[in-house]
Ligand code: RB5
């Protein structure tokens, strides 16, 4: 199950990604926002981050204008590893190495076609499970 959310700047791209998720046969829940009206991205970043951190949702997708504000917000929630990706190499690497559980996209930075490919790569790549990567992920949670 995928939790998806955006602010107003990411709203149109989110609609396209939702259609893409439907084509892939993915189960998802849209945590808002639900229009182009200006909203505050931390509200939606937190909603999706808490949904994923709870364990109820396996992965999350967050979209704002740059992908930066919403990923910074999500990464403040314990257990969240949100990766802002603008290319497929990064999307693959962050799954393999970081076991990222949220993908952040910048709707003003990349086009929808690329965003869909990045989503595919993120969802289709498993964590490598390598000990060194698992150790580094554990270290992220330490003070
Ligand atoms: C909204 O104008 C914009 O600041 C937001 O979508 C995002 O880019 C913030 O990081």
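Here are some notes:
- Each residue in 17, 72, 63 was given a count of other beta-carbon atoms within 10 angstrom of its own, and listing them fewest first yields 72, 17, 63.
- Between residue 136 and residue 22, full extension at 0.36 nm per residue minus the direct alpha carbon distance yields a gain of 37.6 nm.
- Subtracting the Cα-Cα distance of residue 143 and residue 97 from 0.36 nm times their residue separation leaves 14.5 nm of extension gain.
- Prolate/oblate/rounded call for the stretch 1-90, Cα gyration tensor, a/c under 1.5 rounded: rounded
- Compared with the dominant principal axis of the Cα atoms in the chain, helix 112-124 is inclined by about 30°.
- Rounded Å value of the spacing that divides the Cα centres of the stretch 26-55 and the stretch 69-92: 14 Å
- Order of 59, 14 under a 10 Å beta carbon neighbour criterion, fewest first: 59, 14
- With Cα atoms, 0 to 90° folded angle of helix 11-24 axis to the chain main axis: 60 degrees
- Note on 22, 46, 117: ascending count of other Cβ atoms within 10 Å places them as 22, 117, 46, the fewest first.
- Tilt relative to the chain, helix 88-98 - C-alpha long axis, 0 to 90 degrees, to 10: 40 degrees
Laboratory data are not the source of any read-out in this text; all were calculated from the coordinates shown. Keep in mind the model is a prediction, meaning the values are calculated, not measured. Positions of Cβ are generated from backbone atoms using ideal geometry, with glycine treated the same way; all protein chains shown enter the neighbour counts.
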